[in-house]
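The values are calculated or read from the model by the stated rules, or taken from the named source; none is laboratory data. All values reported here derive from a predicted model rather than from experimental measurement. Note: ideal-geometry Cβ built from the backbone for every residue, glycine included; neighbour counts use all protein chains shown.
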Amino acid sequence: MVRAGIFIGVDQAGDLQKLSDAATGAKRMHEWALEQGLPDKTHAKLLTDAGGKKVRPDDITDAVYELCNGAGVDQLLVYFAGHGINLQRGDRWLLSEAPVKPYAAVNVMGSVELARTCGIPHVVVISDACRVAPQGIQNQNIEGVEIFPNTGGGEKTRPVDQFFACYLGRTAAEVKDAASESATYSALYTDALLDALLGTRSDILAPGGTGDTAKYIKIWALKDYLDAEVPRRVKALRLEKKVNQNPDAIITSRDGWLARIEAEVAATRGGRAVRSPAPVPGPTLGSMSRDVTASASQGKPDDVTKTLQEAIAAGLPGAEWFAGAVQHVARPFGPEHFESQCGIKVRGARITSFLAPFANGQLLGSDGNLLRIEKIDGAGASVLLRFDNGTACVIPVIQGFLAALTVDGELADVAYEPSDNTWRWDLYKQRASDVRSLRAVAATASRHGRFRLDSNDSARVGQQMQYAKGIDPTLAVYAAYAYHDAQLGDRIREMSGYLKSDVGVTFFDLELLGRRLVGTSIDRSQMVVPFLPLLSQGWSLLRAHRVKLHPALDGIEQDMRNSLWTLFDERAIPKLERAITSKDVR
């Protein structure tokens, strides 16, 4: 196997606090790569700001392009250590000239998307960076670049594995080196990672094939090790009250490996390891999320409640919020039908005005939380809603369905259910409780980070989503992002086609994630609603897919709020009004 690696370390990004171990951490990873036999400079490339150098986007893209267009690489590892933020629930790595220069960053989600079609059979991305929301207008305007070539690949993708030092919304820590007398700090995650990759953990070394005496670090074993080891180190250093760090990973390869350790090296290093084998990981918000997802996908809402109650009783940080959010979103509210069989209801905010060129509507009552849609020109249409908290969103309306919006500081959930005076209701109500439970878990898990599905959950969610000849539109959106993480593009395309045949239109996000919008300009011909991504994380993929929104929306990303479902502040309203009234989009 021909292997290559690019190791990036940025201690100083703009005027942000200088880090201690980003450049050094990348150098240590580069030294590991050389020990693995990767030729220096051609296949092991080190890019750091050590010695006052600057790391710029072109440095990284040039290194990646050289490897993608060279003699052939079977596996490419891209490692980054430095400052990171998440925008629209998509990670950005900040380079030397960020945030002053908005493009001096890496759009991780967009880069991963392009990596899937770059031609390299296996790409591994490792991020030892924070994943918190940006602070201040300057950081919110960071765009970032995609570092993989835009080859215009079709629907076929190759596996890309992603490792993150922490959950979305959390920080990655540098901790004081107890072995050093000086006040030196090292990156907690990279330290644990290198211990494994260097072969010091004999408990995760796997044997090679027939005649191969070497030992291997497999991708899945590395994930399980980091899940347990990083929290163990936090506890061993007595930093539980200062450091809240649990690693995260999205693994799509089946049996890939990342390190090959010669037998004599494995015997020496593994034999002198002083740590006991990593314990079974204790409960975390991520593991709890996976447990309740499995229960919900099996149609067991009582088990969901039980798991959440046990997590609260055990004092798991964040469990009480998670449980409260699930219960809030799952609880139905408002009318279950309009006489017109279509409309929007809102809790947590008041609709002050709406704009719907392809639908006739009327605000009902004095509370401003009900919008009855009298008539739609076609099967579905986009509606621009303005709320009393100074925000706005664009939401589809679908004939025969009510859209239920939950506003909780952000647009936390959008649910579509059949109006109870349609033929769909009698078929749907038999499973309404189960579907609402699963939908609430999906919404809450997505707000926490990602709604993840293993292979068993993936099949069960597909079954839960469908009732008789119908499909739950909301679950289709959540499931599409989970399928996208797992690189199950065929399921997304199948689901999008099913939704289109069922209700006459499909959602923008399903076509985007199914790679059906690559290289297109959005107009009425696509039969998608709305004319922009529904979930915020979809925005990070637009440039990677070369998707052009309506020209009136240029730069509108800078007017977005931090929200699971796309939500704008008031500055975006004139742009949205120009787009929706152009009648070029539906």
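Just the residues that are of a type in the set (S, T, N, Q) and either in a loop (DSSP other than H, G, I, E, B) or closer than 14 Å to CYS166 by Cα (or both), please, taken from the range 190-229.
Selection gives THR190, THR200, THR210, THR213.
Tell me the residue from LEU453, LEU475, LEU427 that is touching a helix residue (DSSP H, G or I) at 6+ places or on another chain (Cβ under 6 Å) and assigned to a helix (DSSP H, G or I), please.
Just a single option satisfies the conditions, and that option is LEU475.
Conditions first: (1) at pLDDT below 85; (2) over 19 Å from GLY449 (Cβ atoms). ARG260 passes all but one, so which condition is the exception?
It is condition (1) that ARG260 fails.
Give the residue that is modelled with the lowest pLDDT, with candidates limited to residues of the range 447-470 that are buried (at least 18 other Cβ atoms within 10 Å of the Cβ) and under 17 Å from TYR416 (Cα atoms).
Residue satisfying both the conditions and the ranking: TYR467.
Listed here are the residues, each with its yes/no results for (1) of a type in the set (Val, Ile, Thr); (2) assigned to a strand (DSSP E or B); (3) surrounded by fewer than 21 Cβ atoms within 10 Å (Cβ to Cβ); (4) assigned by TED's automatic domain parsing to the domain that holds ARG447.
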position: PHE354; (1), (2), (3), (4): no, yes, yes, yes
position: PRO357; (1), (2), (3), (4): no, no, yes, yes
position: SER366; (1), (2), (3), (4): no, no, yes, yes
position: VAL414; (1), (2), (3), (4): yes, yes, no, yes
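State all residues of the range 302-334 that are among the polar types (S, T, N, Q) and surrounded by 13 or more Cβ atoms within 10 Å (Cβ to Cβ); if no residue qualifies, say none.
THR305, THR307, GLN327
Here is a list of conditions, (1) at pLDDT 95 or above; (2) among the charged types (D, E, K, R); (3) under 25 Å from the mean Cα position of the chain (by Cα), and ASP291 meets all of them except one; can you say which number that is?
Tallying (1) at pLDDT 95 or above; (2) among the charged types (D, E, K, R); (3) under 25 Å from the mean Cα position of the chain (by Cα), ASP291 fails exactly one: (1).
With respect to GLY270, is the statement that it is at pLDDT below 85, of a type outside the set (D, E, K, R), farther than 20 Å from MET465 by Cα and crowded, with 16+ Cβ neighbours inside 10 Å true?
Yes.
Does LEU258 count as part of a helix (DSSP H, G or I) and under 27 Å from VAL64 (Cα atoms)?
So LEU258 does not fit the description; no.
Condition first: closer than 27 Å to GLU155 by Cα, over 18 Å from the mean Cα position of the chain (by Cα) and in a helix (DSSP H, G or I). Can you find one or more residues in the range 536-551 that meet it?
For the range 536-551, residues closer than 27 Å to GLU155 by Cα, over 18 Å from the mean Cα position of the chain (by Cα) and in a helix (DSSP H, G or I): present.
Name the residue, out of ASP21, ASP15, that is more than 30 Å from GLY538 (Cα to Cα) and at pLDDT below 95.
Criteria check complete, one pass: ASP21.
So which residues in the range 87-128 are surrounded by fewer than 24 Cβ atoms within 10 Å (Cβ to Cβ), outside any loop (DSSP other than H, G, I, E, B) and at pLDDT below 95?
Correct list: GLY90 only.
Scan (1) in a loop (DSSP other than H, G, I, E, B); (2) crowded, with 22+ Cβ neighbours inside 10 Å; (3) charged (D, E, K, R) for the single condition ASP509 breaks and write down its number.
Of the numbered conditions (1) in a loop (DSSP other than H, G, I, E, B); (2) crowded, with 22+ Cβ neighbours inside 10 Å; (3) charged (D, E, K, R), the odd one out for ASP509 is (1).
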